[in-house]
Amino acid sequence: MPSFKGEYEHSVDAKGRVAFPAKLRKSLNPDAQENFTLLRGLEPCLYLYPKNEWEFVEEKLSSINSFSRQGRTVKRNFLRYAEDLTLDKQNRIPLPSHLKEWAGIEETAIFIGSGERIEIWSPEQLAEEDASLSHESYQELFEQVMSDPRPEDENGR
């Protein structure tokens with residue numbers, strides 16, 4: 001299964017469309033059929049999931065207990081801003097104004113491959129996020145996360 005990786009910067013046009021990076025397009029699973037779900041990220045960025053990967057997210061969300069306050073809150077705040085999108089004939093993705101505004105994206109969008117999804121950042125928000133992470137704290141975080149043995153789910157994730 002190909003994963004998304006790399007960083008790509010593209011201009012946002014006056015209608016809020018941005019070219020989808022060609023290298024990321026090559027990593028798309030044919031099952032995605034150039035369909036995506038775009039939503040607010042947990043940081044001040046947007047998460048872009050190809051259709052086939054979004055299906056795994058929906059499976060996880062469906063297993064959340066909707067009778068608990070925490071479950072309802074997580075589902076509500078994760079899904080309320082989700083938008084289904086399709087690449088246009090020029091391989092552009094439309095960024096809805098409310099999501100662009102929330103992420104601070106204006107004239108430029110930075111796509112970052114993040115495994116099964118793509119993050120879309122404004123240059124300013126990304127620079128701020130990067131500045132908040134020192135080399136030492138990143139090293140500690142990396143060691144902690146990569147040495148944490150977690151069982152894989154049935155999809156190898």
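The values are calculated or read from the model by the stated rules, or taken from the named source; none is laboratory data. Remember, predicted model here, so these are calculated numbers, not experimental data. A quick note on method: Cβ atoms are made from the backbone with ideal geometry, for glycine too, and the neighbour counts reach across all protein chains shown.
Things to note:
- Checking each residue in the range 75-104 for being of a type in the set (Gly, Ala, Ser) and in contact (Cβ under 8 Å) with a residue 60 or more places away in the chain picks out Ser97, Ala103, Gly104.
- Filtering Asn65, Asn91, Asn77 for residues that are out of contact with any Leu (no Cβ under 9 Å at 6 or more places or on another chain) and closer than 22 Å to Lys15 by Cβ leaves a single hit, Asn91.
- Residue match in the range 105-123 (condition: in a helix (DSSP H, G or I) and either out of contact with any Pro (no Cβ under 8 Å at 6 or more places or on another chain) or without any contact (Cβ under 8 Å) to a residue 60 or more places away in the chain (or both)): yes
- Phe142 modelled with pLDDT under 95 and surrounded by 16 or more Cβ atoms within 10 Å (Cβ to Cβ): no
- Taking the criterion of being of a type in the set (Gly, Ala, Ser) and outside any helix (DSSP H, G or I), the only residue of the range 32-60 that qualifies is Gly41.
- Residue count for the range 1-21, restricted to those that are touching a strand residue (DSSP E or B) at 6+ places or on another chain (Cβ under 9 Å) and more than 18 Å from Leu95 (Cβ to Cβ): 3
- Residue within the range 56-74 that is in contact with a strand residue (DSSP E or B) (Cβ under 9 Å, 6 or more places away or on another chain), more than 16 Å from Gly113 (Cα to Cα) and either buried (at least 18 other Cβ atoms within 10 Å of the Cβ) or touching a residue at least 12 places away in the same chain (Cβ under 8 Å) (or both) present: yes
- Count of the range 84-104 residues which are outside any helix (DSSP H, G or I), charged (D, E, K, R) and surrounded by 15 or more Cβ atoms within 10 Å (Cβ to Cβ): 1
- Pairs where the first residue, in the range 125-141, is hydroxyl-bearing (Ser, Thr, Tyr) and part of a helix (DSSP H, G or I) and the second is surrounded by 11 or more Cβ atoms within 10 Å (Cβ to Cβ) and at pLDDT 90 or above, C-beta under 8 Å, 6+ apart: none
- Checking the range 31-50 against the condition returns a match, with at least one residue being surrounded by 18 or more Cβ atoms within 10 Å (Cβ to Cβ), under 26 Å from Glu107 (Cβ atoms), β-branched (Val, Ile, Thr) and within 13 Å of the chain's Cα centre (by Cα).
- Some residue of the range 61-83 being at pLDDT 95 or above and assigned to a strand (DSSP E or B): yes
- Of all residues in the range 71-85, those satisfying the criterion of being in contact with a helix residue (DSSP H, G or I) (Cβ under 9 Å, 6 or more places away or on another chain) and of a type outside the set (D, E, K, R) are Val74, Phe78, Leu79, Tyr81, Ala82.
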